[in-house]
Amino acid sequence: MNDSLGSSTGKPTTGTVTKLASRSSSVGIEAPVIIKNGSYYYLFTSWDTCCAGLSSTYNIRVGRSTSVKGPYVDQAGVGLTSGGGTLVLSTHGSIVGPGGQSVFQTGGVWYLVYHYYTSTGSNLGINRLSFSTGWPVAY
């Protein structure tokens with residue numbers, strides 16, 4: 001994260017970037033979304049292989065922090081910069097490779113929107129999120 005942006009260009013004025021999450025694997029981590037709910041910022045990311053139809057292994061993970069700049073940790077306390085990430089949604093039933101998510105709130109209800117695959121093609125899905133335990137659970 002870079003706090004300083006040029007007023008006329010919108011570009012960073014320094015080269016400093018804060019690493020929020022990383023994986024040692026050659027398989028991806030992408031599609032970051034940060035939301036604030038209560039006292040925490042939640043960083044949602046998509047892991048593994050996207051866009052391979054029924055061979056996709058994409059899944060949605062999350063970590064949380066009391067600061068937007070981190071450090072973000074998963075439910076087990078593992079830092080997202082150390083490969084941590086609590087699973088929110090993965091392949092289940094006919095839903096394959098959910099990821100590329102967005103998260104939003106309307107009417108006091110949180111929603112998770114994502115793409116996924118089935119035997120009939122590519123689709124978009126939406127699930128409610130509950131934060132009743134302090135961690136997002138899709139239902």
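Using 0.36 nm per residue and subtracting the Cα-Cα separation, the extra length available between Phe104 and Gln75 on full extension is 8.3 nm.
Rounded to whole Å, the principal axis extents of the Cα atoms in region 35-87 read 38, 21, 16, largest first. Evaluated at 20 °C with a viscosity of 1.002 mPa s, what Stokes-Einstein diffusion coefficient in µm²/s does the chain have when Rh comes from the Kirkwood expression over alpha-carbon pairs? Rounded, D is 135 µm²/s. For region 1-44, the Kirkwood hydrodynamic radius comes to 13.1 Å, computed from all pairs of different C-alpha atoms.
Rolling a 1.4 Å probe over the protein heavy atoms gives the chain an accessible area of 53 Å² per residue. Rolling a 1.4 Å probe across all protein chains gives Phe44 an accessible area of roughly 0 Å². Here region 29-136 exposes an accessible surface that is 51 percent carbon and sulfur, computed with a 1.4 Å probe and the other protein chains kept in place. Judged by the mean number of other Cβ atoms found within 10 Å, the most tightly packed of the peptides 105-111, 25-31 leads the ranking 25-31, 105-111.
Modelled this way, with points 7 Å down the Cα-to-C-beta line, the labels at Val137 and Leu87 are 1.5 nm from one another.
Once the Cβ-Cβ distance of Thr120 and Glu30 is raised to the sixth power relative to R0 = 35 Å, the FRET efficiency obtained is 0.90. Computed from the Cβ-Cβ distance with R0 of 22 Å, the FRET efficiency linking Thr16 to Ser67 stands at 0.85.
The values are calculated or read from the model by the stated rules, or taken from the named source; none is laboratory data. Only a predicted model underlies this, so the values are computations on that prediction, with no experimental measurement involved. Please note: Cβ atoms are built from the backbone with ideal geometry, for glycine as well, and neighbour counts cover all protein chains shown. SASA here: full protein model, heavy atoms, side chains in, ligands and nucleic acids out. Shrake-Rupley method; radii C 1.70, N 1.55, O 1.52, S 1.80 Å.
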